[in-house]
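None of the figures in this text is laboratory data; all of them are computed from the coordinates on show. Note that the structure is predicted; figures quoted are calculated from it, not measured. Ideal geometry is used to build each Cβ from the backbone, glycine not excepted, and the neighbour counts take in all protein chains shown.
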Amino acid sequence: MKIIFKYTKTGPLKFISHLDTLRALQRALRRGKFPIRYSEGYNPHPKLSIATPLPLGVESIGEYAEIELEQDMDVSTFVHSINEVLPKGMEVVTAVVSSKSQSLPARVTGQIYRVEVFFKSEKEAEIAKDTLKGILDEDYEIIRERKKKQKIVKKTINVPDYLECIELKEAKDLVIEIEVTICFNESGSLKIEELRQFLYNKLIHVDNINMVRVGLKFIDKVV
Amino acid sequence: MLINRNLEDILLKVEKPARYTGGELNSIEKSKEDIQVRFAFAFPDVYEVGMSHLGMQILYYLLNEQEEVWCERVFAPWSDMEEELRKNRLDLFALESKDSLREFDFIGFTLQYEMSYTNILNMLNLSGIPLESKSRSQQDPLVIAGGPCAYNPEPLAEFIDAFVIGEGEEVILEMINLYKQHQSEGYQKQEFLKALSQIEGVYVPEFYEVYYNQEGLIQERVKLYEHAPTQIKKRMIRNLDQSFFPDKTVVPFIETVHDRVVLELFRGCTRGCRFCQAGMIYRPVRERSVEKLLEQADILLDNSGHEEISLSSLSTGDYSRLLELAQVLLDKYEERRIGLSLPSLRLDSITFDLIERAQKVRKSGLTFAPEAGTQKMRDKINKNIHETEVMTSIKTAYQLGWSTIKLYYMIGLPEETQEDILGIKEMAYKIKDEFFNRPKEEIKGNLKVSVSVSCFVPKPFTPFQWSPQNSVETFSEKTALLKKEIKDKKVSYSYHDPKLSVLEGVFALGDRRVSKGLKKAWEMGCTFDGWRDHFNYDKWMKAFEEEGIDIDFYTTREKSYEEILAWDFIDCGVKKTYLISEHEKSKNGDKTEDCRVYCSGCGVNTSLVGGPCFENHI
């Protein structure tokens with residue numbers, strides 16, 4: 001059976017990479033003695049996949065992964081048992097049985113971040129609230145540099161093309177809290193640093209930005 | 001555990017930030033208020049190396065089992081992190097509490113290899129702790145050190161308050177208890193060190209003065225504290241089944257060098273290879289029982305989730321119940337896809353069936369360590385393997401489908417001739433030919449023979465402790481000769497940097513005077529000398545020159561049996577007369593039997609064991 005679960009990755013765990021996260025999950029599953037299914041072939045590996053990588057340095061309360069088990073298992077037992085063996089900073093919040101054959105990573109269409117923007121004065125925070133309203137209407141181009149075999153390849157991208165919506169959630173004193181949905185398109189996705197740069201430049205007088213991933217978007221309902 | 005904003009900003013800038021965050025599975029957090037003794041276990045290399053060290057894991061849990069002690073970990077920060085720490089005026093901190101090392105009662109360094117010494121100085125300096133023992137006050141932490149390199153503690157004598165010689169499980173607790181007692185009675189550093197020097201296995205260098213004669217040889221060692229012991233006797237755990245072993249290990253999040261369950265089958269080695277320090281200082285052999293090991297494997301796997309078990313000892317193939325142990329482990333864990341790796345197997349004791357099964361789970365090449373290229377040289381170093389045995393093993397290996405062979409050799413061994421060096425090539429070529437010397441239909445896979453050559457470093461407490469080491473030039477001629485000679489697509493050749501090996505020789509064989517060169521080199525920016533990209537030989541040579549240290553005096557000079565060696569005051573159980581007789585036998589190419597076959601009278605049985613080393617001993 002296939003189980004899709006939603007979990008958190010917080011605290012010092014935000015400093016570990018995608019592959020490290022995968023290994024941490026695999027080891028937790030081993031500690032919990034879950035009946036993991038392995039791939040066939042020369043070098044079998046557990047059938048476990050994480051929906052999409054989380055950027056290093058970002059915490060998340062909405063990560064998704066899919067695991068295949070050899071034997072059926074009650075979903076609530078799964079959640080309870082895995083939480084007993086996960087390292088501090090990781091916790092499974094929900095899980096469902098999946099009958100879809102399409103893999104979880106293939107179903108991801110976007111990622112949702114909750115962004116706290118800190119300002120130095122309340123006035124600046126007020127102005128930013130207005131700026132937000134039409135923030136995606138104007139093009140905003142940045143140059144993305146990539147090293148390709150010793151050469152630096154430059155590519156111009158338009159940030160709003162990658163942003164599905166930016167929504168004001170809360171505003172209090174010096175802080176405004178927004179929700180940003182980054183969508184995946186043919187040319188890939190927006191990097192978290194590019195989003196940060198965009199917000200710094202658009203909202204002016206930003207003191208600090210704090211981002212947490214809160215969830216992902218899928219082509220269909222997942223959990 | 002606190003990562004403040006400042007530290008967080010830094011962590012986002014450095015490579016592999018999880019080296020510095022702590023919080024790994026099974027790491028231990030305590031509340032400072034309840035703690036009487038704070039101990040920082042310091043590994044003077046980068047996180048990934050230090051976390052692979054079994055000794056750290058053992059002592060970490062042993063100390064943390066004591067309610068009033070909190071043992072934390074600290075590793076050498078990589079250069080990017082060092083730069084950030086210095087730029088932001090932050091002290092080097094321990095991973096668990098993020099507190100500066102200055103706030104600790106003890107900083108305990110483990111000395112695994114000489115080339116980590118500059119990192120020790122750097123770590124102290126990064127914490128704002130004075131380097132020299134005599135410059136540290138009452139308020140500063142006590143800086144202690146142990147591990148294999150502590151068998152010649154003298155190059156670090158200026159910097160370390162106390163050394164622990166031998167196995168640490170018992171003596172470390174005795175030290176902590178003594179400290180607690182002194183704390184309750186009003187701690188005075190001097191008084192404490194005096195009391196500490198009375199514990200067996202503890203060496204407090206400041207209680208001794210060393211005098212040198214006109215030739216620069218040691219004239220005598222004079223005690224400055226009358227009750228300080230003349231000889232420091234190593235500590236040893238008698239019964240491994242009863243000794244402390246943790247039921248869990250800290251499981252790193254990032255990839256480390258060895259990241260798996262390690263079962264320590266035994267300590268010591270009975271082979272008596274004459275170049276091998278470990279084979280002498282860890283005597284006698286003491287085995288853990290299969291029952292105990294299986295119990296440990298179970299509990300460690302359950303608590304870590306590791307996917308591999310490795311059997312670790314000096315010569316794993318010599319474990320008296322190896323077959324039985326490996327078979328049970330394979331049977332038990334095959335289904336859970338837990339791999340078994342069998343390192344440092346000696347080719348005369350390989351059990352192929354076993355390896356083949358182990359390889360099913362994880363596939364790797366076969367490793368052999370003939371150490372020398374000719375039989376004459378192997379006899380001299382007492383590596384009791386005959387070429388025919390090697391070839392038989394290789395033949396079987398090929399038949400079973402192996403095609404990747406790794407071979408380890410040394411150059412610069414005492415009385416080496418060109419024939420011995422070329423013998424390395426000849427043996428590797430013979431091994432290659434054996435592969436193709438079979439019916440065509442049997443030849444499967446793509447043969448790869450890798451020859452790895454290291455440069456011999458004479459080590460204290462070995463029969464070769466008096467032998468001269470080759471100079472950088474001589475080593476380089478030899479490595480170049482092999483490079484010229486080994487020209488085959490199927491045979492690859494790599495060798496260790498002779499410069500690094502010579503420097504290793506200086507600190508392995510050095511006395512108190514080389515410490516000045518160490519400090520100077522560190523001041524000139526040397527750290528992580530064991531890392532190729534960091535090692536700067538020219539800086540080192542400049543440092544020695546400025547301090548007036550002649551490295552040839554320590555390395556290429558042949559020492560006489562009468563000379564007082566810098567480490568003679570340490571008693572590792574093996575008698576000097578035995579080392580001399582082994583050295584003489586080496587000259588004649590006479591072999592010495594394995595201790596399990598015949599006791600050659602090294603002295604360990606009388607001085608440490610108080611009886612025969614094994615049951616039913618001959």
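Side notes on the structure shown:
- Pairwise FRET efficiency - A:V97 versus B:E33, Cβ, R0 = 41 Å, nearest 0.05: 0.30
- Rounded to 5, percent antiparallel among DSSP beta bridges of the protein assembly as shown: 60 percent
- For the peptides B:304-317, B:381-394, the ranking by packing is B:304-317, B:381-394, with the highest mean count of neighbouring Cβ atoms within 10 Å listed first.
- Amide H contacts for B:A369 (H built 1.01 Å from N in the peptide plane; partners 5 or more residues away or on another chain; cut-off under 5 Å): B:L347, B:Y408.
- Relative contact order of segment A:127-223, pairs being alpha-carbon contacts under 8 Å that are 6 or more residues apart, as %: 21 percent
- Label-zone membership for segment B:150-182, site B:E65, 7 angstrom Cα→C-beta point, backbone N under 17 Å: B:167-177
- Residues whose amide H falls under 5 Å from that of B:I570, counting only those 5 or more places apart or on a different chain, are B:I232, with hydrogens built in the peptide plane.
- Amide H contacts of B:Y495 (H built 1.01 Å from N, under 5 Å, at least 5 apart or other chain): B:V453
- Using the Cβ-Cβ distance between B:D331 and B:L178 with R0 = 41 Å, the FRET efficiency computed as 1/(1 + (r/R0)^6) comes to roughly 0.30.
- Neighbourhood net charge (12 Å Cβ-Cβ; Lys/Arg +1, Asp/Glu -1) for A:R31: +2
- Of all lysines in the structure, the ones whose alpha carbon falls short of 17 Å from that of A:K120, not counting any fewer than 8 places away in one chain, are A:K129, A:K172, A:K202.
- Assigned charges on the beta-carbon of Lys, Arg, Asp, Glu; the protein assembly as shown dipole about Cα centre (debye): 2180 debye
- Charge dipole (the protein assembly as shown, unit charges on Cβ, about Cα centre) - positive-most of B:S471, B:F528, A:Q150: A:Q150
- Kirkwood hydrodynamic radius (C-alpha pairs) into Stokes-Einstein, the protein assembly as shown, 37 °C and 0.692 mPa s, D in µm²/s: 109 µm²/s
- Quarter of the Cα convex hull surface for segment B:234-294, i.e. its orientation-mean projected area (nm²): 5.8 nm²
- Using Cβ point charges alone (K and R +1, D and E -1), the dipole size of chain B about the Cα centre works out to roughly 1520 debye.
- When chain A is treated as a Gaussian network with alpha carbon springs shorter than 10 Å, the biggest mean-square fluctuation among A:G89, A:G11, A:G188 belongs to A:G188.
- For the pair A:D72 and B:K484, label points projected 7 Å from Cα toward Cβ lie 7.5 nm apart.
- Between the residues B:L173, A:T52, B:M391, the greatest Cα displacement towards the positive end of the dipole of the protein assembly as shown, with unit charges on the Cβ of Lys, Arg, Asp and Glu, is found for B:M391.
- Were the residues from B:N4 through B:K430 laid out at 0.36 nm apart, the gain over their Cα-Cα distance would be 147.3 nm.
- Placing a pseudo-label 7 Å from each Cα along the Cα-to-Cβ vector at B:E584 and A:K172 gives an inter-label distance of 8.6 nm.
- Average projected area [Cα convex hull, segment A:1-120], square nanometres: 8.5 nm²
- Once the convex hull of all Cα atoms in segment B:142-203 is built, its volume per residue stands at 72 Å³.
- Considering only segment B:388-531, percent of DSSP beta bridges that pair antiparallel, nearest 5: 5 percent
- Partner aspartates and glutamates for B:K520 [C-alpha distance under 15 Å; skip if fewer than 8 residues away on the same chain]: B:E132, B:E158, B:D529, B:D538, B:E545, B:E546, B:E547, B:D550
- A Cβ-based charge dipole, computed about the Cα centre of chain A with Lys and Arg at +1 and Asp and Glu at -1, lands at about 1100 debye.
- Overall Cα dimensions of segment B:438-542 - principal axes, largest extent first, Å: 63, 33, 22
- Test item: A:12-23 mean partner chain Cβ contacts at 10 Å: 6
- Spin-label model, A:E126/B:E220: points 7 Å from Cα along the beta carbon direction are separated by 8.9 nm.
- Relative to the current alpha-carbon distance between A:S39 and A:Y200, full extension at 0.36 nm per residue lengthens the span by 53.5 nm.
- Rg ratio (alpha-carbon, reference 2.2 N^0.38 Å) - chain B: 0.97
- Principal-axis tilt of helix B:537-546 within chain B, Cα atoms, nearest 10 degrees: 50 degrees
- Among A:Y42, A:Y64, A:Y140, the largest mean-square fluctuation in a Gaussian network model of chain A, built with springs joining Cα atoms closer than 10 Å, belongs to A:Y42.
- 10 Å-binned pair-distance histogram of chain A (Cα, whole percent): 7, 29, 30, 21, 11, 2, 0
- Entries of B:K194/B:K539; B:K448/B:K591; A:K9/A:K100; A:K147/B:K484; B:K234/B:K542 with Cα pairs more than 29 Å apart: B:K194/B:K539; B:K448/B:K591; A:K147/B:K484; B:K234/B:K542
- Inverting the pair-averaged 1/r between distinct Cα atoms of segment B:413-500 gives 14.9 Å as its Kirkwood hydrodynamic radius.
- Computed from Cα atoms, the angle from the helix A:192-203 axis to the main principal axis of chain A rounds to 20 degrees.
- Extents of segment A:152-194, largest first, come to 43, 21, 13 Å (Cα atoms, principal axes, whole angstrom).
- Relative contact order, percent, segment A:57-213 [alpha-carbon distance under 8 Å, six or more residues apart]: 31 percent
- FRET efficiency estimate (nearest 0.05) - Cβ-Cβ, A:K155 to B:D80, R0 22 angstrom: 0.20
- Candidate lysines for bridging to B:K559, where Cα separation is under 20 Å - those fewer than 8 sequence places away on the same chain excluded: B:K380, B:K459, B:K575, B:K576, B:K585, B:K587
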